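Okay, structure first, notes after.
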Amino acid sequence: MGQIAINPMPTVSAPSDGAPAAVDRTMNRAVSAAVSKLNDAGYAGEGREVTFSIDHSTKKMVIKVVDTNTNEVITQWPPEYLLELAADTKR
């Protein structure tokens, strides 16, 4: 498999009005574009794709490698147990 170029994520600073949502949207777009490049290049392997989502309880980005035939999660970053720990500490 050949190499694939993924551009680094842009450095984003919070707007002066304190609106972190703009920073989050910019970061989400950058990650989503990188995930699309990985999938277009077949980086995850045949029958697999990389997905990007936001965990509802922690609001953290989650990247998964999923089997496209069974929808089984093969691997995930951050792992589920870390998301659960983070959610528990917010309560």
| query | With the dipole of segment 20-90 worked out from charges on the C-beta (+1 for Lys and Arg, -1 for Asp and Glu) around the Cα centre, which of Ala30, Ile63, Val73 lies farthest toward the positive end? | reply | Ala30
| message | Could you work out how much longer the chain between Asp55 and Val23 gets when fully extended? Use 0.36 nm per residue separation minus the Cα distance between them, nm to one decimal. | response | 9.8 nm
| query | Once both labels are modelled 7 Å past Cα along the beta-carbon direction, what's the Ala30-Glu72 spacing in nm? | reply | 3.5 nm
| remark: Counting only DSSP loop positions in segment 35-65, the trypsin sites (Lys or Arg not before Pro) whose Cβ has at most 16 other Cβ atoms within 10 Å are Lys59, Lys60
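Given contacts defined as C-alpha pairs under 8 Å and at least six residues apart, what's the relative contact order of segment 30-91, whole-number percent?
The value is 22 percent.
What number results when the radius of gyration of segment 20-90, computed over Cα atoms, is divided by 2.2 N^0.38 Å?
Numbers: Rg = 13.3 Å, N = 71, 2.2 N^0.38 = 11.1 Å.
This ratio for segment 20-90 stands at 1.20.
Computed from the coordinates by the stated procedures, all read-outs in this text should not be read as laboratory data. Values in this document were obtained by computation on a predicted structure and should not be read as measured data. A quick note on method: Cβ atoms are made from the backbone with ideal geometry, for glycine too, and the neighbour counts reach across all protein chains shown.
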